[in-house]
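Trainee: Have a look at this one.
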Amino acid sequence: MTSVGGLRRRSLDALSRPSYSVTSKDMLLLNDNSNLFGVNPAAIEVAEKFDFSRLWAYPSENSDSLRARLAEEYGVSQDEVIVGNGSDELLDIAVKTFINPGDVVCFPAPTFSMYQFYSRVNMALVVEKPLREDFSLDPQGILDEAPKLAVICQPNNPTSRLFDPDAVREVLSGSPGIVLIDEAYADFCGSSMLADVMSSERGLDLRTCSKAVGLAGLRAGFAIARREVIDELRRVRTPFGLNSFTEAVVIGSLDNPSWVRSKVSEMMQEREYLALRLSELGFKVYPSDSNYLLCKCPVNGPNLVRDLKSRGVVVRDCGSFAMLEDHIRVTIGPRPMLDRFLGSLRELLPGVTP
C-alpha cells in the first residue's frame, strides 16, 4: 500500500514551510518584527464590552463592518476591500486566484520568504530577481520576466529599506500581470503606494495588523484594489474567514490611531539608539525604514545567533537569504529589551568589555 507521503503532491517534495515559532515565554523575542511596545489597547477595550454570548453565531461572511470602516479610513469603496486571517492568507489567496501551474511569479531577492512558499505550494514557476548591491530594486529585471504575478515588499523585508517609489511604479505600470505591493511595514515610515495601486488596473495593496497595529496574535490583514481585482480574490476566499472578536478589535484600533502613532515614534527613537550601540560593537548597521535593523555581524553569524539563544535572546539569522551571509535582523523594542540584548552581545563578542 502506498504510504501517506507517497500520496503527497509531487510539487511539495522539496518544500518546507518556514518556521518562526519559539515556545518559551521566557525568551526575549527580537526575531519576528511584531510590535514589542505592547498590545493595542483596543483589544482590552473591546473585550470589556464585547458580547461573548453571541459566539455561537457565525461572524459576518465577508467582515462587512470592518470592510466598511477600512474603506472609510483609506478613502475607497467597501467593494475595493477584502479582509483575511492575516495578510498571509490574502497572499495565499492571490496566488491561488491568479496562478495556474507553471505561471511565473516574480519577486526580488532577498525578500519575505513566504512569497516563495505560497508560490511553490500553488505550483508557480518562481523567478527571483537579485537586488542591486545597494539593495535597490531592479524593475526592468522583473518586467523582463513578464510575470503573471509580481510581488514587491515596500519597505522590503529583510533589507529594511524603502525601494525607490518610481521603481515600484515602473513595475506597476509595465507588468502584464497582477502586481502585489506588500506594505506590511509602511506604518513605520509613513509610506503609502495605495494611490499608485488604485491608479493601476492590476495593482493590489496588502496590509497587516500584525506589525505597527500590535495585534499579531489576532491574525488580521486586508487588501485594497480596484473592484475587478477584489471580486476575483473573493472567488477563492473562504466565508467567515475572520472571527467576530478580531473584527471588532481591528475596528477599535482604527477608531483610536494615536496609540499606533505614539508607539511608532517611540520605536524610531529606540531604533536610533540600538543602531548606534551596534555600530560601536563592530556591526555594520544598515539604514532602516522599518521596526527592525539589519546588520552584518563582526563574527560568524549563525554561531552568534545560537549563542544568543542559549542566553534567552532570539534574533533572526538572515544567512539563508541571498546576499546576507553573517547578517542578523533585530526587532526594535523598549530600552530594557535592547539593553538585555546588548549585554548578551558584550559577553559574547571577543575583545568587548561586558
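Readers should treat all values here as calculations from the given coordinates under stated rules, not as data from a laboratory. All of these numbers come straight from a predicted model, not from anything done at the bench. Note that each Cβ is placed from the backbone with ideal geometry, even for glycine, and that neighbours are counted across all protein chains shown.
Trainee: Could you tell me which of Ser3, Ser136, Leu149 has its Cα farthest along the dipole of the chain towards the positive end, charges placed at Cβ (Lys, Arg +1; Asp, Glu -1), taken about the Cα centre?
Mentor: Final value for the positive-end residue is Ser3.
Trainee: Taking 8 Å as the Cα distance limit and 6 or more residues as the minimum spacing, I'd like the relative contact order of region 42-255 as a percentage.
Mentor: 28 percent
Trainee: What list do you get for Trp259, Trp56 if you sort them by fewest beta carbons within 10 Å?
Mentor: With the fewest neighbours first, Trp259, Trp56 line up as Trp56, Trp259.
Trainee: Using a 10 Å cut-off on Cβ atoms, rank the peptides 207-220, 329-342, 150-163 from the highest mean neighbour count down.
Mentor: Put in order of decreasing packing, that is 150-163, 207-220, 329-342.
Trainee: GluC sites (Glu not before Pro), restricted to region 167-205: which are DSSP loop and have at most 14 other Cβ atoms within 10 Å?
Mentor: Answer in residue order: Glu201.
Trainee: Then there's this: Residues with amide H under 5 Å of Lys129's amide H, sequence separation 5 or more or different chain, H placed in the peptide plane at 1.01 Å from N; which?
Mentor: When sequence neighbours closer than 5 places are left aside, the close amide H contacts are Phe107, Ala109.
Trainee: Another question about this same structure. Return Asp205, Asp79 ranked ascending by Cβ neighbour count within 10 Å, so the fewest neighbours appear first.
Mentor: By the 10 Å Cβ count, ascending, the order reads Asp79, Asp205.
Trainee: As a test, work out the antiparallel percent of DSSP beta bridges whose residues both lie in the chain, rounded to the nearest 5.
Mentor: 45 percent
Trainee: In addition: Would you mind checking the pairs Lys211/Lys263; Lys25/Lys211; Lys211/Lys309 and listing those with alpha carbons more than 21 angstrom apart?
Mentor: Checking Cα-Cα distances, Lys211/Lys309 exceed 21 Å.
Trainee: Would you work out the charge dipole size for region 124-179 about its Cα centre, treating the Cβ of every Lys and Arg as +1 and the Cβ of every Asp and Glu as -1, and quote it to the nearest 20 debye?
Mentor: 200 debye
Trainee: What are the extents of the Cα atoms of the chain along their three principal axes, in Å, largest first?
Mentor: 60, 56, 52
Trainee: Principal axis lengths of region 148-253 from Cα atoms, whole Å, largest first?
Mentor: Largest to smallest, the principal-axis extents are 40, 32, 21 Å.
Trainee: Would you please give the residues with an amide H less than 5 Å from that of Cys153, counting only those at least 5 places away or on a separate chain, with H modeled from the backbone geometry?
Mentor: Asp182
Trainee: Between Ser244, Leu233, Ser265, whose Cα lies farthest towards the positive end of the dipole of region 223-279 when Lys and Arg beta carbons carry +1 and Asp and Glu beta carbons carry -1, centred on the Cα centre?
Mentor: Value: Leu233.
Trainee: With +1 on each Lys and Arg Cβ and -1 on each Asp and Glu Cβ, how big is the dipole of region 1-145 about its Cα centre, in debye rounded to the nearest 20?
Mentor: Computed about the Cα centre, the dipole is about 680 debye.
Trainee: With charges only on Cβ, +1 for K and R and -1 for D and E, what is the dipole size of region 42-255 about its Cα centre, in debye, rounded to 20?
Mentor: 480 debye
Trainee: With a 10 Å Cβ neighbour count serving as the proxy for reagent exposure, in which order, fewest first, do Ser60, Ser11, Ser53, Ser344 appear?
Mentor: The most exposed by this proxy come first: Ser53, Ser11, Ser60, Ser344.
Trainee: Please list the non-local residues whose amide H lies under 5 Å from the amide H of Asn35, H modeled 1.01 Å from N, same-chain partners needing a gap of 5 or more.
Mentor: Close amide H contacts, sequence-distant or interchain: Gly214, Ala216.
Trainee: Spelling out what I want: for every residue of region 270-285, take phi, set θ = phi - 60°, compute 6.51 cos²θ - 1.76 cosθ + 1.60 (Karplus), and round to whole Hz; glycine and proline get x.
Mentor: Karplus values, whole Hz, x for Gly and Pro: 5, 4, 5, 4, 5, 4, 5, 5, 5, 4, 5, 8, x, 7, 8, 9.
Trainee: Toward the positive end of the charge dipole of the chain, about the Cα centre and with charges on Cβ (Lys, Arg +1; Asp, Glu -1), which of Ser65, Tyr292, His327 goes farthest?
Mentor: His327
Trainee: Can you list, bin by bin at 10 Å, the percent of alpha carbon pairs in region 25-91, starting at 0?
Mentor: Whole-percent P(r) values from 0 Å outward: 15, 31, 39, 14, 1.
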